[in-house]
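Colleague: I'd like to ask some things about the structure below.
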Amino acid sequence: MRHLIFSLTCALALLPLTALAQTGYPMVMSLKPVAVQAGQTSEVEFNSRYSMLGAYRVLVSGLGVTGEVVPPEVKEGEKPSITKLKVKFTVESDALPGVRDVRLATPQGASTIGQLVVVRDPVTYESGDNNSREKANELTLPATACGVIEKNEDVDFFKFSVEAGVELNFHCRCGRLQDRIHDLQNHADPLITIRNAMGGTVAASDNFFFGDPFLSVKFERAGEYFLEIRDVRYEGNTYWEYAVEITNRPFVSNVYPLGIVRGQETPIELIGTQLPDPKTAMLTLNADLTDGPSWAQVRLGDDFSNPAPVYVTSLPVVLETAEENNAPEAGQMVTLPTGINGRIATESDVDCFRFEAKKGDRYSFEVRARRYQSSIDPYIRVLSADGKQLSENDDLRDFKRGFADSRIENWTVPSDGIYVLEIRDMHLRGGDSFVYFIEATRAEPHFTLYADTDKTLLTPGTNGVVFVQLERKNGFTGEVQLHIDGLPPGVEAICGRILPDKGRDGCIILKAAPDAKLDIANVTISGTSSWKPSEDAAPLDLAAVATIYQEMYQPGGGRGHWPVEAHAVSIGDPSDIRGVKLSENDIVLKPGESKRIDVEIVRSDEYDNNVTLDCRFFHLSEFCNTLPPGVKFDEGKSSKLITGKDTKGHIILTADKDAPPVDRQLVPITANVSLNFVMKTNTSADPLWVSVVPAE
């Protein structure tokens with residue numbers, strides 16, 4: 001009964017907030033088909049919530065793919081809601097296969113992220129009623145079969161013919177494509193089955209690459225066969241698009257070693273199916289790559305493999321030797337800092353690496369594996385020389401997201417001696433694809449940044465705000481100055497800071513000129529700090545580029561996050577809110593004192609729905625708050641809800657009696673318009689600078 005009451009409460013909460021904005025940015029729900037062929041120009045239909053009318057530019061991540069909007073037919077003087085829009089993609093023949101982030105620029109602002117798959121073979125989209133073998137769509141191999149699991153009990157069939165002895169790979173992308181679709185709360189769990197002409201099962205796969213299936217099938221008999229794809233629960237959704245690549249080419253899922261030094265020719269072992277014999281190749285990564293994840297193609301004769309994940313490193317690397325290293329006393333000796341490439345080769349395999357360390361030294365150990373398509377679910381421990389556990393970790397967390405990989409951070413050596421780093425699969429599995437790369441480094445002070453969200457929507461003469469949050473690492477307590485680069489013409493930035501010690505939140509206010517034109521640009525958000533670990537130490541110059549988070553509408557009304565390639569700043573047409581004015585832009589508080597800031601919003605003539613004022617980023621809970629420590633937003637005394645045609649409200653800020661001094665901290669005052677229960681647009685006032693001074 002409690003569950004029923006909760007469900008009804010959520011449903012009622014959703015109703016009054018649905019579509020409160022009269023102008024909403026497009027939320028891309030799917031692309032149809034979701035795949036395009038390299039070397040071709042293909043037309044794709046975007047499906048969205050909220051209108052894409054007037055879309056004028058397409059942003060695509062990576063190189064070799066460009067998009068052009070096909071203008072829909074619109075009668076003069078009409079402004080229809082365009083939720084289906086054609087885009088023509090041109091893909092260069094050497095464009096890297098794989099998934100790209102795509103985004104539309106519209107007068108309503110930048111859209112959310114869509115997903116586009118670049119493939120090598122012709123694309124066939126499902127047609128007609130292909131829900132049985134008798135009505136299956138025909139494929140000429142190699143091919144990419146695309147379609148949508150559009151409703152409950154939808155089962156799609158494609159038929160193809162093969163000769164005896166042919167081996168085919170079936171690589172399905174479906175659930176993974178929905179991770180970044182920010183308004184799609186339920187995701188597909190696809191199942192693929194290969195059936196013979198009589199309907200018998202030849203092979204089937206459910207989960208291989210996370211929730212998506214993969215099959216490699218050798219057909220002993222010539223004849224006609226069928227690819228069947230459905231949701232494993234027999235559920236469906238009009239946005240559950242899929243792409244199944246069917247080829248007889250080698251498929252590389254991983255390479256070993258996984259961690260590769262850039263600019264250095266490295267012998268590698270290929271892991272996958274239908275691979276040449278021997279399963280080896282040479283790989284040289286571009287010397288200008290930065291440390292981090294990348295995708296690499298390997299030359300196989302006159303052709304290239306599909307891209308495989310690698311980790312680019314500048315660390316000196318070691319390779320696990322063939323000698324036994326399953327016990328602490330038999331561990332392979334390594335010298336830190338280093339990068340360790342290894343593999344859990346068999347069931348119950350445990351790899352141990354011995355290293356010498358001095359008392360007081362601090363080290364961090366991070367496993368990179370599951371995030372790079374490895375089969376391992378790693379679990380690591382630091383042991384004493386005699387096998388006593390000193391530290392351990394299973395799953396790591398980067399700010400708001402967790403991962404199956406492992407990390408031990410800022411471990412302090414208790415005394416001079418020999419220590420052991422141990423790694424195994426959490427479930428004691430093993431095999432060729434259980435590869436890993438461990439970064440074993442000194443735990444130097446540093447910081448990481450995260451931008452929330454992935455887009456800032458401006459209109460001529462208005463302001464927007466980018467919220468940035470910080471994670472402090474290994475004792476770093478310094479102040480961080482924020483920066484932004486790559487803004488479109490007509491936009492200027494006022495960059496705030498993240499305060500020292502326990503400060504976590506900062507912001508950047510963007511101002512569009514009154515004559516700013518329609519435009520969009522991907523920007524880079526970063527932070528710098530010149531920090532002294534102690535009074536006598538030399539300053540450390542530290543820097544970081546922010547990871548970009550797109551907000552996600554989660555089941556039940558929660559607000560989640562997913563990392564995407566870039567933050568887009570767009571300038572659109574005038575919208576519901578035309579401006580936000582403050583009674584003052586520079587306030588000084590003494591401990592225990594309160595100040596009132598009067599706020600006036602400028603509405604469009606036709607907009608009469610509710611607007612909420614805030615100085616934080618808030619939905620059910622607080623996501624970002626740039627107020628100085630000890631300064632609070634007094635919601636009870638503030639007038640933050642502006643209803644109907646009203647335009648005036650106010651914000652009350654109060655300093656605690658023990659609030660520490662702060663000089664001019666940047667705080668955004670925003671007018672928020674709800675699009676649905678979770679998503680909102682915000683328009684910022686000119687910067688509010690908040691200072692706290694000691695009591696007289």
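Quick note: the coordinates plus some simple rules give every number you see, no bench work behind them. Bear in mind that the values here come from a model prediction, so they are computed numbers and not experimental data. Ideal geometry is used to build each Cβ from the backbone, glycine not excepted, and the neighbour counts take in all protein chains shown.
Colleague: Considering the options GLN264, ASN207, PRO660, tell which one lies farthest towards the positive end of the dipole of the chain, charges being +1 on Lys and Arg and -1 on Asp and Glu at the Cβ, about the Cα centre.
Modeller: PRO660
Colleague: Now a separate question. Over the Cα atoms of region 337-443, what Rg and Dmax result, in angstrom?
Modeller: Calculated on Cα positions, Rg and Dmax stand at 13.3, 38 Å.
Colleague: P(r) tail for region 530-654, what percent of Cα pairs lie past 25 Å?
Modeller: Cα-Cα pairs of region 530-654 separated by over 25 Å account for 50 percent.
Colleague: Additional query: Among residues other than LYS135 whose Cβ falls under 12 Å from its Cβ, what is the net charge (Lys/Arg +1, Asp/Glu -1)?
Modeller: That sum, taken over residues with Cβ under 12 Å, equals -3.
Colleague: Tell me the volume per residue, in Å³, of the convex hull enclosing the alpha carbons of region 571-614.
Modeller: 108
Colleague: Related question: Provide Rg and Dmax in Å for region 482-532, with only Cα atoms included in the calculation.
Modeller: For region 482-532, the Cα-based Rg and Dmax read 13.5, 44 Å.
Colleague: Checking a compactness column here: for region 194-322, what do you get for Rg(Cα) / (2.2 N^0.38 Å), N being the number of residues? Present the calculation step by step, with values, prior to reporting the outcome.
Modeller: On the way: Rg = 18.6 Å, N = 129, 2.2 N^0.38 = 13.9 Å.
Ratio of Rg to 2.2 N^0.38 Å for region 194-322: 1.33.
Colleague: Would you compute the Debye intensity of region 616-696 from its alpha-carbon atoms alone, equal scatterers and no solvent, and pass along log10 I(q)/I(0) at q = 0.25 Å⁻¹ to two decimals?
Modeller: -1.42
Colleague: Here's a follow-up. Out of every Cα pair in region 222-277, what percent are spaced more than 12 Å from each other?
Modeller: Numbers: 1228 of 1540 pairs.
Across region 222-277, Cα pairs with separations above 12 Å total 80 percent.
Colleague: What is the spread of the Cα atoms of region 123-247 along each of their three principal axes, largest first, in whole Å?
Modeller: Largest first, region 123-247 extends 45, 28, 25 Å along its Cα principal axes.
Colleague: Could I ask something else about it? For region 251-313, what is the charge dipole size about the Cα centre, in debye to the nearest 20, if Lys and Arg each add +1 at the Cβ and Asp and Glu each add -1 at the Cβ?
Modeller: Around 100 debye, computed over region 251-313.
Colleague: Can you work out the PRE-style zone for SER42? Point 7 Å along Cα to Cβ, and I want the residues of region 303-336 with backbone N under 18 Å.
Modeller: Counting only backbone N, you get 306-307.
Colleague: Three principal axis extents, largest first, for the C-alpha atoms of region 444-574, in Å?
Modeller: Computed over the Cα atoms, the extents are 54, 39, 21 Å.
Colleague: Would you kindly calculate the mean projected area, averaged across all directions, of the convex hull enclosing the Cα atoms of region 273-403, in square nanometres?
Modeller: 10.8
Colleague: Same structure again: For region 650-692 and region 219-276, compute the distance between their C-alpha centroids and round to whole Å.
Modeller: 49
Colleague: With 32 Å as the limit, write out which pairs from LYS86/LYS517; LYS502/LYS680; LYS75/LYS680; LYS517/LYS680; LYS88/LYS218; LYS32/LYS581 have Cα-Cα distances beyond it, or answer none. Walk me through the numbers on the way to the answer.
Modeller: Working: LYS86/LYS517 24 Å; LYS502/LYS680 29 Å; LYS75/LYS680 30 Å; LYS517/LYS680 23 Å; LYS88/LYS218 37 Å; LYS32/LYS581 43 Å.
In this structure, LYS88/LYS218; LYS32/LYS581 lie more than 32 Å apart at Cα.
Colleague: Name the residue farthest towards the positive end of the dipole of the chain from the options VAL350, VAL70, HIS650, assuming +1 on Cβ of Lys and Arg, -1 on Cβ of Asp and Glu, about the Cα centre.
Modeller: HIS650
Colleague: Right, another one. When the helix-only estimate is applied to the chain (DSSP H runs of n ≥ 4, each -39,500 (n - 2.57), divided by the residue count), what is the mean residue ellipticity at 222 nm, nearest 500 deg cm²/dmol?
Modeller: The helix-only estimate for the chain comes to -500 deg cm²/dmol at 222 nm.
Colleague: I would also like to ask the following. Relative to the present Cα-Cα distance, how much length would full extension add between THR140 and ALA543 at 0.36 nm per residue of separation?
Modeller: 139.9 nm
Colleague: By per-residue mean of other Cβ atoms within 10 Å, what is the highest-first order of 68-79, 330-341, 453-464, 635-646? Display every interim value, and only then the final one.
Modeller: Working: 68-79: 10.2, 330-341: 17.9, 453-464: 23.5, 635-646: 13.1.
Per-residue Cβ counts within 10 Å, averaged per peptide and sorted highest first, yield 453-464, 330-341, 635-646, 68-79.
Colleague: Using Cα pairs closer than 8 Å and at least 6 residues apart in sequence, work out the relative contact order for the chain, in percent. Intermediate results must be reported in sequence, preceding the final value.
Modeller: Numbers: 1988 pairs, mean separation 68.6, N = 696.
About 10 percent, as a whole number.
Colleague: Taking only Cα atoms of region 385-475, what ratio of Rg to Rh do you get with Rh as the Kirkwood inverse-distance radius? Spell out each step's value before the answer.
Modeller: On the way: Rg = 19.7 Å, Rh = 17.3 Å.
My calculation puts Rg/Rh at 1.14.
Colleague: Could you give the dipole magnitude of the chain about its Cα centre, charging the beta-carbon of Lys and Arg +1 and that of Asp and Glu -1, in debye to the nearest 20?
Modeller: 1320
Colleague: A follow-up question, please. Just going by the charge dipole of the chain, with Lys and Arg at +1 and Asp and Glu at -1 on Cβ, which of PRO276, VAL692, VAL420 is farthest out on the positive end?
Modeller: Projecting each Cα onto the dipole axis, the largest value belongs to VAL692.
Colleague: Still on this structure, please answer the following. What are the ³J(HN,Hα) values, in whole Hz, obtained from phi via the Karplus relation 6.51 cos²θ - 1.76 cosθ + 1.60 with θ = phi - 60°, for each residue of region 61-77 in sequence order, with x given for Gly and Pro?
Modeller: 6, x, 10, x, 10, 10, x, 9, 5, 8, x, x, 6, 10, 5, 4, x
Colleague: Among all the lysines, which ones have a C-alpha under 17 Å from LYS657's C-alpha, if same-chain residues fewer than 8 places away are not counted?
Modeller: Reachable lysines: LYS590, LYS595, LYS632.
Colleague: So how do ARG429, ARG343 line up by other beta-carbon neighbours within 10 Å, fewest first? Display every interim value, and only then the final one.
Modeller: On the way: ARG429 16, ARG343 25.
Ascending Cβ contact count within 10 Å gives the list ARG429, ARG343.
Colleague: Further question on the same structure: I'd like to know how region 251-313 sits against the 2.2 N^0.38 Å rule of thumb: what's its Cα Rg over that expected value?
Modeller: The value comes to 1.03.
Colleague: Please report how far the C-alpha centroid of region 26-100 lies from that of region 511-585, rounded to the nearest whole angstrom.
Modeller: The two parts, judged by their Cα centres, are 26 Å apart.
Colleague: Running Debye on the chain with equal point scatterers at the Cα sites and no solvent, what base-10 log of I(q)/I(0) appears at q = 0.11 Å⁻¹?
Modeller: These q points yield log10 I(q)/I(0) values of -1.28.
Colleague: Related question: Ordered by packing density, taken as the mean number of other Cβ atoms within 10 Å over each peptide's residues, highest first, how do 374-381, 267-274 rank? All intermediate terms of the calculation are to be shown ahead of the outcome.
Modeller: Details: 374-381: 22.5, 267-274: 18.6.
The peptides rank, most packed first, as 374-381, 267-274.
Colleague: How do 50-58, 277-285 rank on mean C-beta neighbours within 10 Å, highest first?
Modeller: 50-58, 277-285
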